[in-house]
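Remarks on the structure that follows.
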Amino acid sequence: MNFMSQSQDSVDPVKLEKLAEVAIKVGLQLQSGQDLVVTAPVVALPLVRLITKHAYAAGAGIVTAFYSDEASTLARYQYGRDESFDRASDWLYEGMAKAYANGAARLAVAGDNPMLLSEQDPAKVGRANRANSAAYKPALEKISNFDINWNIVSYPNPAWAKLVFPNDPEPIAVAKLAKAIFAASRVDVDDPVAAWADHNANLRSRSAWLNGERFASLHFTGPGTDLTVGLADGHEWQGGASTAKNGVTCNPNIPTEEVFTTPHAWRVEGHVSSTKPLSHQGTLIDNIQVRFEAGRIVEAKASRGEKVLNKVLDTDDGARRLGEVALVPHSSPISASGILFYNTLFDENASCHIALGQCYSKCFLDGANLSQEQIQAQGGNSSLIHIDWMIGSGKIDIDGITPDGARVPVMRQGEWA
Ligand code: ZN
Ligand code: ZN
């Protein structure tokens with residue numbers, strides 16, 4: 001399909017431009033003279049051009065965009081040499097890591113077809129993901145350690161739109177997905193930058209309350225779930241805008257509805273069921289049920305994608321432990337839209353979630369000054385992966401448990417108590 005097809009006409013150009021403006025001014029707070037590295041699917045070219053325009057208008061140094069293409073990715077799986085699946089373009093990621101070390105900001109445009117690799121050999125998908133994760137590590141660390149300001153926004157890729165709205169013709173599906181992305185990203189209002197300032201203030205007051213309570217653990221109960229998530233020693237709740245180590249205050253995820261912190265990698269007990277399907281690098285994993293002992297997943301099942309799930313869990317030692325726990329009210333705008341996006345950036349913001357793998361050092365008190373060893377000693381997890389999956393619904397209750405064992409209601413039936 002030609003990416004300049006009619007589907008592009010389904011995307012409101014005014015709101016698309018507001019999304020580009022929000023990405024630069026709110027998502028990145030791009031600084032004067034700062035370089036910018038952009039990655040995007042080739043279908044998102046109209047958005048990348050607007051982002052580039054707003055970046056230069058904001059005083060960017062050099063803007064460099066890298067594009068991925070679905071047909072080219074599939075060609076690799078069809079015709080690529082078998083041994084190549086254990087390799088990745090490490091030179092590219094090394095270059096990106098170098099750009100970030102030199103002060104560049106990072107913007108990812110999401111919107112890939114979540115089902116792109118669903119028909120491909122899971123072993124090859126797993127090998128390629130593993131090689132990619134290893135090669136990407138030097139660049140990803142700059143992001144997960146929050147060394148630099150970074151941001152993700154989404155573009156309504158037609159293949160993604162057809163998955164979300166399978167019964168609509170493509171232009172209608174794209175228009176509906178575009179509308180949903182614009183609403184969730186708060187760019188369907190007159191002054192999106194002001195709307196984001198209000199939203200950030202709300203999220204900050206939630207995380208301030210949780211930081212004041214200093215819970216030792218959170219207890220989740222609901223259908224198929226009885227899970228105690230110990231919180232890391234010296235954990236700090238975050239939500240909305242936060243300040244990167246380079247001093248820039250930005251909103252890495254657009255949209256965002258979550259307040260989140262670091263669980264203790266060794267103090268998670270019980271069982272939990274996913275409440276929405278997880279779309280992981282081209283495969284859907286559905287009805288996940290796992291059991292934790294001393295922080296480690298000792299049993300994992302899924303009604304769909306179980307093999308991929310188990311491959312993910314075998315990535316490394318930290319892949320079976322938690323690196324994030326996040327609270328999102330069931331009435332959040334994304335949840336209220338009733339749309340299942342098959343995209344973690346959106347679906348995680350419709351629901352409380354946990355993440356397997358790497359923790360965020362910024363979710364510790366004085367996190368910027370802690371060494372990797374200190375973070376681990378306080379219960380922070382380390383892994384090549386960070387995969388969020390959804391465990392919240394209107395049927396979940398959450399109690400905070402204080403260090404002396406008292407229970408404080410945090411959420412009831414999916415809403416702040
Ligand atoms: Zn999260
Ligand atoms: Zn996460």
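The values are calculated or read from the model by the stated rules, or taken from the named source; none is laboratory data. Just so it is clear, the model here is predicted, and its values are computed rather than measured. We place every Cβ from the backbone using ideal geometry, glycine too, and count neighbours over all the protein chains shown. These area figures cover heavy atoms from the full protein model, side chains too; ligands, DNA and RNA do not enter into them. Shrake-Rupley method; radii C 1.70, N 1.55, O 1.52, S 1.80 Å.
Quick notes on this structure:
- Per-residue SASA entry for Val174, accessible area with 1.4 Å probe, Å² rounded to 10: 0
- Options Ser335, Asn369, Ile396, ranked by Cα towards positive dipole end of the chain, top entry (Cβ charges): Asn369
- Of Lys142/Lys311; Lys53/Lys98; Lys162/Lys276; Lys53/Lys176; Lys301/Lys362, pairs whose Cα-Cα distance is over 22 Å: Lys142/Lys311; Lys53/Lys98; Lys53/Lys176; Lys301/Lys362
- Residue-averaged 222 nm ellipticity for the chain, from DSSP H runs of 4+ at -39500 (n - 2.57), nearest 500: -10000 deg cm²/dmol
- Thr283 contributes an accessible area of around 20 Å² to the protein surface, as traced by a 1.4 Å probe with all chains present.
- Filtered GluC sites (Glu not before Pro), segment 1-89: DSSP coil and at most 15 other beta carbons within 10 Å: none
- Three-way shape label, segment 174-223, alpha-carbon gyration tensor, a/c 1.5: oblate
- The equivalent ellipsoid of segment 268-386 has semi-axes of 24, 19, 12 Å, largest first, where each one is the square root of 5 times an eigenvalue of the Cα gyration tensor.
- For the chain, convex hull of alpha carbons as volume per residue, Å³: 132
- As a length-normalised measure over Cα pairs under 8 Å and 6 or more apart, the relative contact order of the chain settles at 15 percent.
- For trypsin sites (Lys or Arg not before Pro), the sites in segment 1-103 that DSSP calls loop and that have at most 13 other Cβ atoms within 10 Å are Arg81.
- Counting only aspartates and glutamates at least 8 places from Lys25 when in the same chain, those with an alpha carbon closer than 18 Å to its own are Glu17, Asp35, Asp188, Asp190, Asp191, Asp198.
- Rolling a 1.4 angstrom probe over the protein heavy atoms with all chains in place gives the chain an accessible area of 41 Å² per residue.
- Scalar couplings 3J(HN,Hα) for segment 296-302, obtained by applying the Karplus form with A = 6.51, B = -1.76, C = 1.60 to θ = phi - 60°, are 10, 6, 10, 8, 9, 10, 8 Hz; x denotes Gly and Pro.
- DSSP beta bridge pairing in the chain, given as percent antiparallel to the nearest 5: 75
- Antiparallel content of DSSP bridges confined to segment 150-308, in %, to 5: 95
- Of the trypsin sites (Lys or Arg not before Pro) found in segment 371-417, the ones in coil according to DSSP and having at most 15 other Cβ atoms within 10 Å of their Cβ are Lys395.
- Where the alpha-carbon atoms of segment 194-300 are placed on the principal axes, they occupy 44, 35, 27 Å, in descending order.
- For segment 6-184, the relative contact order comes to 30 percent (Cα pairs under 8 Å, sequence separation of at least 6).
- Cα gyration tensor shape of segment 213-416, rounded if a/c is under 1.5, else prolate or oblate by comparing a/b with b/c: rounded
- Remark: accessible surface ordering of Trp91, Trp209, Trp416, Trp389 (largest first) is Trp91, Trp209, Trp416, Trp389, probe radius 1.4 Å.
- With all protein chains modelled, accessible area of Phe165 [1.4 Å, Å²]: 30
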